Amino acid sequence: MDLYTEGDPIADTRAPEGPIENRWETRRFEAKLVNPANRRKMTVIVVGTGLAGGSAAATLAEQGYRVKSYCYQDSPRRAHSIAAQGGINAAKNYRNDGDSVHRLFYDTVKGGDFRSRESNVHRLAEVSVNIIDQCVAQGVPFAREYGGLLDTRSFGGAQVQRTFYARGQTGQQLLLGAYQALERQIGLGNVEMNARHEMLELVIVDGKARGIVVRDLVTGEISTEMADAVVLASGGYGNVFYLSTNAKGCNVTATWRAHRKGAYFANPCYTQIHPTCIPVSGDHQSKLTLMSESLRNDGRVWVPKAKGDDRNPKDIGEDERDYYLERIYPSFGNLVPRDIASRAAKNVCDEGRGVGPTKLGVYLDFADAIGRLGRKAIEAKYGNLFEMYERITGEDPYEVPMRIYPAVHYTMGGLWVDYDLQSSIPGLFVIGEANFSDHGANRLGASALMQGLADGYFVLPNTLANYLASGPLEKVEPSHPEAVAARRDVEDRIARLLAVDGDRTVDSFHRELGQIMWEHCGMERSDAGLRKAIDQIRALRDEFWQRVKVPGDGEGLNQSLEKAGRVADFFELAELMCIDALHREESCGGHFRAEHQTPDGEAQRDDDRFAYVAAWEYGGPSEPVLHKEDLKFEYVHPTQRSYK
Amino acid sequence: MNLTLRIWRQNGPNDKGRMVTYQVEDVSPDMSFLEMLDVLNERLILQGDEPVAFDHDCREGICGMCGLMINGDAHGPQRGTTACQLHMRQFRDGETIDIEPWRARAFPVIKDLVVNRGAFDKIIAAGGYITAPTGSAPEAHSVPVAKANADAAFESAACIGCGACVAACPNGSGMLFTAAKITQLSLVPQGQPERYTRVIGMVDAHDEAGFGGCTNAGECTAVCPKGIPLNTIGRLNRDYLAATAKRGDTPGA
């Protein structure tokens, strides 16, 4: 393939040797420490204030570092972690149902379709229990039993009840806990908070990450901020598809700018398509809304047996319905993992059996559950979700089955990090969804919150100290030539975007890019489709730089300018995603290649050729360089996932 | 449907601002209110005009970033609904809709419909937390919490910090926001040690930020998209009274 070149493999991930249960303890003991008196002299920049960034900024400040925190929203409390509904996994085994650190580790490696790093995942399972303790101490109002102890539920097909939750607003409550800890540190003067600021460039001095260039979104002022280390917690890149469950502002700019400066981008093609979202209603659609996966515990998924059957669902008899998940996967039924449920929905719609005005939808029917448990019980469990559905669609799901369709939800890929969560640039750490680390090719439900908080509260604060202790680093001013050059790049880019003054809006380009990605790099990918997509993306990117129209100027609040910069970076990322998807000639987790499936249509991995992390180095525009990190499975033996 | 919009346009904090009338055609009842504004903005950009600036992010009613006065109602006519979740089927063909920013002394306008709600963060920084540095937490089950208290704490914790309560209040008071956090944290055992210093700190920060006083008008709870109940303010007042009587930081108080 002429689309990329291959570089040296990644030899060392810095994970300690020895039994997996001891590796994190070993690492913590071996890590160098920073004297409390010296911490006050060190500045750490944290970009993003979601679960990972908020918890990291608060914890680092508690430890005594000077922290500068940045977010594009008007308050750190609004980061998109807030929208997570379902819950957070932890290996507490409060249910006495056979759960353990090892089982959570095992489930996560298997759920990730054997494309994650065992050492990292084990550490995640270990610290999961501390997260619950920490959040309870902060006053997070988890659901409780009548005896006053914490309630847990089974989630996303797990066979143990290890998911802690706060109704359908778990992300909100966990984020507010981290936000309040952060605000406490802001009040104490330990964190300098910069809301409505966007990172537009990374500053590297002597090979180390030493600062960022940011734009104040209110005044338009560009400034350069220096530090001893930079932490990116800027979230995922699902908005490359334009329509996704992400917030409108979610973007790849912080991580992409770091990638262009040398940070490897790992597994960009691993994207998670969530099966239960409200279908697109028209061309005006600006985002997609998730309906919690917990609905699949009681809802039954079906489509008509006959193609093009557009009768009212009430008039379609039981014998004319195909409960296809129950039919194909009798042992897991409606609770199969996300990637499998999504693809099955796509398949029945491709067959012409989709429902609703666009025919891109399947029914999620609660009639059985309402009959069995009564409407009251269903209201108590899902009332808020049913109301949300009705608000958006105008249909009453107690009377008419919900219509759902898969939508882009989460990105497992991200900047490559070692065991210490350090990127390939020394001093640049990446946490939460922004890194690639723990979910392999598919993330399990209720594991994103766990990873974000594990990274921010418990992992990074230990590993970052080890890096800082190797200092002290020489003081660098914003007047350093590298910092000045980075700032000039930002200013030039903004000037370029404003100067095009074409005849198409930023959104029209973004929408078109999203369609290309959804069509060719979405639920199913193929060699021919991906090659076509790469050509289309390149052509559209050229057109963008010739025809985009960004009104106004760079002084002051200009939301079109913000969007334009983000979309420009999405174009470059989109191409790399397609190249990554094209090079990975196997199916695994969220990455399904049409050419690589079993005779009955399931994903077919190729462990001999592809049991590695694909870490891409920026080698210039459209010239990625592939570095492979081989994955070794010493504890969980790779098997074909089967949910039949 | 076809609509007439009258939208507040204000170039910056120092601009006087004015209502400007726009026509939008072919609005689908399935559009959200913000998608309807997107359509208007796309047209304005192509005409060479500046699009209307408004805050929004998650568009699923949870981040609290959006906030518009729609025909004088904070978040518009549908109860329990943020502007981003409001859909155009709530309006009639031919209707005229007034769209304005939150108006309150503590929330200065930045541009058009965008306001600065940083004062809310200051209230939280002044005590809206439980001090529990990372690593110091005891085992989660060591302190049971009565389910009724946990549920009531959750009800108050559902606040999204959008500011509708302030915008709807005739006094521009931020008391419902402040009381929601105080109620949540005072209902759980972990929140007791700081209970009385918290209420004093937060109420002082509230007053310093320029919010008005509460006169129990109750407009706040009527427009709250998350249904935070008015009785949280009663709780705040009780705690505040107790705190001033005890001088919260007195040992043994």
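Data for the structure
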| quantity | calculated |
| --- | --- |
| Among the residues listed as A:V484, A:V490, A:V408, A:V430, the single one being over 28 Å from the mean Cα position of the chain (by Cα) and among the β-branched types (V, I, T) | A:V484 |
| Answer residue from region B:85-104, given it is touching a strand residue (DSSP E or B) at 6+ places or on another chain (Cβ under 8 Å) and facing another protein chain (nearest Cβ under 9 Å) and is nearest to A:K248 (Cα to Cα) among those | B:Q85 |
| Residue count for region A:87-97, restricted to those that are crowded, with 24+ Cβ neighbours inside 10 Å, away from chain B (no Cβ under 11 Å) and in a loop (DSSP other than H, G, I, E, B) | 1 |
| Pairs with Cβ under 6 Å, 6+ apart, first in region B:58-69 and outside the structural domain of B:P225 (by TED's automatic domain parsing), second among the acidic types (D, E) | B:C63/B:D57; B:M65/B:D55; B:M65/B:D57; B:C66/B:D55; B:M69/B:E100 |
| Candidates A:V400, A:V408, filtered to the one that is over 26 Å from A:R162 (Cα atoms) and of a type in the set (A, V, I, L, M, F, W, C) | A:V400 |
| Unique residue being in contact with a Phe, Trp or Tyr (Cβ under 7 Å, 6 or more places away or on another chain) and over 30 Å from B:G76 (Cα atoms) when the list is A:V303, A:V408 | A:V303 |
| Residue in region A:269-276 that is in contact with a Cys (Cβ under 9 Å, 6 or more places away or on another chain), closer than 30 Å to A:I392 by Cα and buried (at least 24 other Cβ atoms within 10 Å of the Cβ) present | yes |
| Boolean, A:E572 is closer than 30 Å to B:I45 by Cα, touching a residue at least 12 places away in the same chain (Cβ under 8 Å), under 25 Å from the mean Cα position of the chain (by Cα) and surrounded by fewer than 21 Cβ atoms within 10 Å (Cβ to Cβ) | yes |
| Residue match in region B:120-128 (condition: in the same structural domain as B:P193 (by TED's automatic domain parsing), of a type in the set (K, R) and at pLDDT 95 or above) | yes |
| Candidates A:S424, A:S437 - the one that is assigned by TED's automatic domain parsing to the domain that holds A:G171, assigned to a loop (DSSP other than H, G, I, E, B) and over 16 Å from the mean Cα position of the chain (by Cα) | A:S424 |
| Criterion violated by A:F105 - all others in (1) more than 14 Å from chain B (Cβ to nearest Cβ); (2) under 30 Å from B:D57 (Cβ atoms) satisfied | (2) |
| Residue, surrounded by the fewest Cβ atoms within 10 Å (Cβ to Cβ), within region B:121-142, restricted to residues that are within 14 Å of the chain's Cα centre (by Cα) and facing chain A (nearest Cβ under 7 Å) | B:D121 |
| Positions within region A:376-421 being away from chain B (no Cβ under 14 Å) and part of a strand (DSSP E or B), in sequence order | A:M402, A:I404, A:Y405, A:P406, A:V408, A:Y410, A:T411, A:G414, A:L415 |
| Residues that are over 21 Å from B:S156 (Cβ atoms) and surrounded by 21 or more Cβ atoms within 10 Å (Cβ to Cβ), drawn from region A:135-161 | A:T152, A:F155, A:G156, A:G157, A:A158 |
| Some residue of region A:592-604 being surrounded by 21 or more Cβ atoms within 10 Å (Cβ to Cβ), in contact with a Pro (Cβ under 7 Å, 6 or more places away or on another chain) and not small (G, A, S) | no |
| Some residue of region B:58-68 being surrounded by 20 or more Cβ atoms within 10 Å (Cβ to Cβ) and among the basic types (K, R) | yes |
| Single residue of region B:8-57 satisfying the filter (among the small types (G, A, S) and within 10 Å of chain A (Cβ to nearest Cβ)) that is surrounded by the fewest Cβ atoms within 10 Å (Cβ to Cβ) | B:G48 |
| Enumeration of residues in region B:150-168 that are facing chain A (nearest Cβ under 7 Å), farther than 19 Å from B:E60 by Cα and of a type in the set (G, A, S) | B:A150, B:A153 |
| For B:A179: the one exception among (1) aliphatic (A, V, I, L, M); (2) facing chain A (nearest Cβ under 7 Å); (3) closer than 26 Å to A:A58 by Cβ | (2) |
| Top-ranked residue of region A:489-505 - restricted to ones that are not in a helix (DSSP H, G or I) and not hydroxyl-bearing (S, T, Y), ranked as farthest from A:L33 (Cα to Cα) | A:D503 |
| Residue in region A:482-505 that is within 30 Å of A:A369 (Cβ to Cβ) and within 14 Å of chain B (Cβ to nearest Cβ) present | no |
| Criterion: more than 14 Å from chain B (Cβ to nearest Cβ), under 24 Å from the mean Cα position of the chain (by Cα), under 27 Å from B:P133 (Cβ atoms) and of a type in the set (S, T, N, Q) - qualifying residue of A:N35, A:N120 | A:N120 |
| Which numbered condition A:A166 misses (of (1) on the phi < 0 side of the Ramachandran plot; (2) at pLDDT 95 or above) | (2) |
| Yes/no for B:G76 being in a loop (DSSP other than H, G, I, E, B) and more than 10 Å from every other protein chain (Cβ to nearest Cβ) | yes |
| Members of region A:458-488 found to be under 27 Å from A:G565 (Cα atoms), touching a Lys or Arg at 6+ places or on another chain (Cβ under 9 Å) and not in a loop (DSSP other than H, G, I, E, B), listed by number | A:E482, A:A483, A:A486 |
| Flag for A:I88 being more than 20 Å from A:V160 (Cβ to Cβ) and either in the same structural domain as A:T170 (by TED's automatic domain parsing) or out of contact with any strand residue (DSSP E or B) (no Cβ under 7 Å at 6 or more places or on another chain) (or both) | no |
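One line per residue, one yes/no per condition, for (1) crowded, with 21+ Cβ neighbours inside 10 Å; (2) more than 9 Å from every other protein chain (Cβ to nearest Cβ); (3) of a type in the set (S, T, Y); (4) in contact with a Pro (Cβ under 6 Å, 6 or more places away or on another chain):
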residue	(1), (2), (3), (4)
A:E183	yes, no, no, no
A:G220	no, yes, no, no
A:A229	yes, yes, no, no
A:F241	yes, yes, no, no
A:T255	yes, yes, yes, no
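The values are calculated or read from the model by the stated rules, or taken from the named source; none is laboratory data. Only a predicted model underlies this, so the values are computations on that prediction, with no experimental measurement involved. Cβ atoms come from the backbone with ideal geometry, glycine included; neighbour counts cover every protein chain shown.
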